[in-house]
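For reference, the structure is listed below as structure tokens.
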Amino acid sequence: MSVYTTVTEAELAAWLRAYPVGTLVTLRPIAKGIENSNFFVTTTQGRYVLTLFERLAPEELPFYLELMSHLARHGIPCPAPIADRDGALLSSLNGKPAALVTRLPGASLEAPSAAHCAALGTLLARMHLAGRGFPGRLENPRGPKWWRVAAREVRPFLNAAQVNRLEEELRFQSLYRFPDLPRGPVHADLFRDNALFDDGRLSGVIDFYFAGVDCLLYDCAVCANDWCLVDSVQDLRLDETKTHALLDAYARERPFTALERGAWPVLLRAAALRFWLSRLRDLHLPRPGALVHAHDPEHFEKILTLRATDAALSWPLA
């Protein structure tokens, strides 16, 4: 989350008249993140998050908003989009597509334990099961086609060793497409800062604006590469206890198939590649913004290198 487009209290107060949420009390920009302009909004009737979409086109947005509505109706603790008085989930504010969603309680964790990873695994599996009844179709927007485009864009900023690493990973990933793995809507960006805990309980999952249809196991790989590290700064190997906790809790809700177990090492690399590329783009090809937070791409370059060279990496469950 970031702020690229500013919104004044007067502008928001006028915009909110179209919504059954009372009148504006406070407006606060959210500086964390990189994609959209986000604000915490408090009204006389509740707490919300306002998002102005900076990159996504209006025709792409119904998938995300309708997916959140579907999951919320099925008991998944995620933001529920608020419809305006005409029943529309999407509007326009200051020239940008805009949506208002409920604000969930809690805060993200810097250093999750195995118990936190288990709670995440349970919720992730339930979210995937709930998503099976969602009719929307949108292929993962940061999938293999996007990797190739992003690679061309960032290649001029890389040294020779990085170019070789990138080309080799793209070649490796081109050998695998896994058409027979279970597929469905995935969050695809469920890092620690997109999960909230309240009094030790996993209270919500937020920021679905990279969601799409992909292998369900890919979601697990994205989570493992962020949640299950030995140390998120010093040691980026997967911690066996945390990884086991995540996958075992998930499997109790939705058992993994034999094909998924075999695909695990490849999808860990795919998840690392995706975030290395996106962070390279955000660093070298930034957009102007009032409050912008860019992540260090070296972090995922190191994770990708580790996952690609770990010959012992295999399915951790018995």
Query - Matching residues in the range 169-203 - criterion: being touching a residue at least 12 places away in the same chain (Cβ under 8 Å), of a type in the set (A, V, I, L, M) and assigned to a loop (DSSP other than H, G, I, E, B) - result: L181, A188, L190
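Can you name every residue in the range 155-173 that is surrounded by 11 or more Cβ atoms within 10 Å (Cβ to Cβ) and more than 27 Å from W264 (Cβ to Cβ)?
Taking the range 155-173 and keeping what is surrounded by 11 or more Cβ atoms within 10 Å (Cβ to Cβ), we get 155, 157-158, 162-170, 172-173.
The answer is R155, F157, L158, V163.
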Requested in this report: Find all pairs meeting these conditions: Cβ atoms under 7 angstrom apart; at least six residues apart or on different chains; first residue within the range 304-316 and over 14 Å from E240 (Cα atoms); second residue aromatic (F, W, Y) and buried (at least 17 other Cβ atoms within 10 Å of the Cβ).
Outcome: L304/W276
Report summary line: Selection from the range 211-223 of residues assigned to a helix (DSSP H, G or I) and more than 21 Å from S69 (Cα to Cα) yields L217, Y218, C220, A221, V222, C223
Report summary line: In the set R142, R126, the lone residue that is within 30 Å of F39 (Cα to Cα), at pLDDT 95 or above and in a helix (DSSP H, G or I) is R126
Query raised in the report: What are the residues in the range 22-58 that are open to solvent by less than 40 Å² (accessible area, probe 1.4 Å), part of a loop (DSSP other than H, G, I, E, B) and touching a Leu at 6+ places or on another chain (Cβ under 7 Å), if any?
Result: N36, F53
Query - Members of the range 224-250 that are within 21 Å of the chain's Cα centre (by Cα) and assigned to a helix (DSSP H, G or I) - result: A224, N225, D226, W227, K242, T243, A245, L246, L247, A249, Y250
Requested in this report: Restricting attention to the range 237-250, report how many residues are of a type outside the set (V, I, T), under 15 Å from P265 (Cα atoms) and crowded, with 17+ Cβ neighbours inside 10 Å.
Outcome: 4
Query raised in the report: In the range 55-114, what count of residues is obtained for those that are closer than 19 Å to L27 by Cβ and of a type in the set (S, T, Y)?
Result: 3
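The values are calculated or read from the model by the stated rules, or taken from the named source; none is laboratory data. What you see is a predicted model, and the numbers here were worked out from it, not measured in a lab. Every residue, glycine among them, receives a Cβ derived from its backbone with ideal geometry; neighbour counts consider all protein chains shown. The area values use the complete protein model at the heavy-atom level, side chains included, leaving out ligands, DNA and RNA. Shrake-Rupley method; radii C 1.70, N 1.55, O 1.52, S 1.80 Å.
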